[in-house]
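These notes are about the structure you will find just below.
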Amino acid sequence: MPYFQMSWLAVKWALSKPPTTRYPFVPRRAIAGSRGQLVFTRDNCVYCTACAKKCPTGALTVERAQKRFVLDRLRCISCGCCVEICPKDSLALSTSHGSPATTQNNESYSGT
Amino acid sequence: MARTIIPFGPQHPVLPEPIHLDLVVEDEKVVEARPSIGFVHRGLEKLVEKKDYTEFVYVAERICGICSFIHGQTYCQAVEAIMDVPVPPRAHYLRTVWGELSRIHSHLLWLGLMADGMGFESLFMHSWRVRERVLNIVEATTGGRVIFGSCKIGGVRRDIGAGAIKDTLAELAIIERDLREITKVFLNDNSVKSRLCGVGVLSRQEAHEMGCVGPVLRASGVAQDMRALGYAAYQELEMKPVTRTAGDSYARCAVRCEELFQSISLIRQALGKIPDGEIAVKVNGNPKGEVIMRTEQPRGEVVYCLKANGSRNLQRFRVRTPTFANLPAMLKLLQGCELADVPVLVLTIDPCISCTER
C-alpha cells in the first residue's frame, strides 16, 4: 500500500507520547557520563600545574606561587584531559552543560 | 531561448552549509552550474604546525560536525601508522562501534534533510527523532553528542562497560524498529519515489571516471567501500558493500537506507565479540615520516596525508574529503536537470561543506 505508508505512521506518532520536552522550561534530562561543565574543587588542589600543561586549548592557567587557578570557560572544550591528569581529583566534569560562555570572563580561584 | 543566471546559496533553505552555485538556466532547465566554494575556510590544515601532534586530534575532530569521530580516528590511525603504535584490540572495536554510530546519525541526518528538501516535513521530523536516540547512545558512551572526543593516539579515552553494552544493544533494537518504519516510507512511498526515481542518473562509468566516492559511487554499481580494507576491527566483522545499479537519486537514497541496517549489524557484531583488555597504550617520542591513510566516512572515502619531521608539531597535514570528490559528479548531475530538482540533486551527494573547505 504505497499511498498509506506515511498515514498510519502519522496516526501512530500522533497517538504516542511526544518525544520532545518543553525546553528551557523543563530542564533537559542529564545523561550519566556526559561531558558537561568543568567543576573545580579548591580544597583538594595542590596547584601542581599538570592540568594547565595538558589542556589542549590553553583554557587553564595555574600559578603555583600565588596558589591561583584560572579557568577561561570560553576556551574550555570539556575534553576532560585535565580531569584525567589531576592527581588530587580536584577537577571533574559535571553532566550539566551550564549556560554557554559568550565573553572572556576568567573564573579565578585562590587557595589559602 | 535567453539564458538567465540564478544564484543558489550560499544561504538557502535547502542548504545545510554554505556553497554557492550560479545556475545558468534556459526556461526551467539548468544548462550549467558554476560552483564557488570557500565560505567556511578555517585554515585547520595550517594549524598542524602550531599544535602538538597529540592535541591535534581535537582539531581534526572539528573538521566536520557530523563525521567528527571518523576524522579523529583517521588522524590517530595515521599517526599510529607513522609511529608504529600497537593499538589494543579493544580500542579497535570501540573505534568501530563509535564510527558506525556516527554513520547511523549522519545517514539519518541526511534522510531528514532529503525529506525536508522534497517538502516532506513530517518525515524530516521523524528521521531526526530517531537520530536523537542515536545521539543519546553516543552521549552516554563518549560524553559528547557531536564531538565525541573519545579517540586518542594509541587507543581510546573511554571504555564501554558491560552495563552500557547491554543498554546500547537494547536501544539499538528500538532504533532498528523505528528505522524499518521510516525507511519503508523512503523506499515505497509514491510521492518520494516520484521525486527521486530517474532523477540525476549517474552511470557506473561516469561515477568511476569522475572519481566519486561513498554512497554516490556504490549507487552506480561500484562496490567500493574503504571499510573492506580492514582498518580498526572491520577485518574481523562480516561486511559487504551495499550497492545499487540504477545510479539515480532513489538508488543513492536506498544505499544509505540499507547502510543504516548494515551499521546496526556491525555494531552488534562488534559489541558481541569485543575482547577484554587495555583500551590505550602510552605513546612516547615524536613521529617522523610520511603516511597516507584512507577510511570510510558516511559520505565516502577520506584521505589523510601526514608528514612529520620528528618534532612535536607535524610538518604537513592534508585532507581529501568525500564531498570534494563528489562535487564534479554533482555539477554533471545538475546539467540538464529541471530547476525544481536542483535541491534534491545537491542534497543527493550529501554535501558537507565545512569538511571540504576545512
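The values are calculated or read from the model by the stated rules, or taken from the named source; none is laboratory data. Note that the structure is a prediction, hence the values are computed from the model and not measured. A quick note on method: Cβ atoms are made from the backbone with ideal geometry, for glycine too, and the neighbour counts reach across all protein chains shown.
Okay, here's what the table says:
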read-out	value
Options B:Ser36, B:Ser68; residue that is out of contact with any strand residue (DSSP E or B) (no Cβ under 7 Å at 6 or more places or on another chain) and of a type in the set (Gly, Ala, Ser)	B:Ser68
Hits in the range B:109-126 - residues which are touching a residue at least 24 places away in the same chain (Cβ under 8 Å), more than 13 Å from B:Leu345 (Cα to Cα) and either within 11 Å of the chain's Cα centre (by Cα) or at the interface with another protein chain (Cβ under 10 Å from one of its Cβ atoms) (or both)	B:Leu109, B:Phe120, B:Leu123, B:His126
Matching residues, the range B:127-179, being more than 10 Å from chain A (Cβ to nearest Cβ), free of Cβ contacts under 8 Å to residues at least 60 places away in the same chain and hydroxyl-bearing (Ser, Thr, Tyr)	B:Ser127
Some residue of the range A:20-41 being among the aromatic types (Phe, Trp, Tyr) and within 14 Å of chain B (Cβ to nearest Cβ)	yes
Output for the range A:72-95, where each listed residue is within 13 Å of chain B (Cβ to nearest Cβ) and either of a type in the set (Phe, Trp, Tyr) or exposed (fewer than 14 other Cβ atoms within 10 Å of the Cβ) (or both)	A:Glu84
The one condition in (1) more than 27 Å from B:Pro88 (Cβ to Cβ); (2) at pLDDT 90 or above that B:Arg358 fails to fulfil	(2)
Residue in the range B:7-18 that is surrounded by fewer than 19 Cβ atoms within 10 Å (Cβ to Cβ) and either within 14 Å of chain A (Cβ to nearest Cβ) or not in a loop (DSSP other than H, G, I, E, B) (or both) present	yes
Qualifying residue in the range A:57-70 (condition: surrounded by 12 or more Cβ atoms within 10 Å (Cβ to Cβ), assigned to a loop (DSSP other than H, G, I, E, B) and among the hydroxyl-bearing types (Ser, Thr, Tyr))	yes
Qualifying residue in the range B:60-71 (condition: within 13 Å of B:Ala232 (Cβ to Cβ) and part of a helix (DSSP H, G or I))	yes
Some residue of the range B:188-206 being within 14 Å of chain A (Cβ to nearest Cβ), among the β-branched types (Val, Ile, Thr) and either over 26 Å from B:Ala329 (Cβ atoms) or over 22 Å from the mean Cα position of the chain (by Cα) (or both)	yes
Residue match in the range A:14-35 (condition: in a helix (DSSP H, G or I) and over 24 Å from B:Ala140 (Cα atoms))	yes
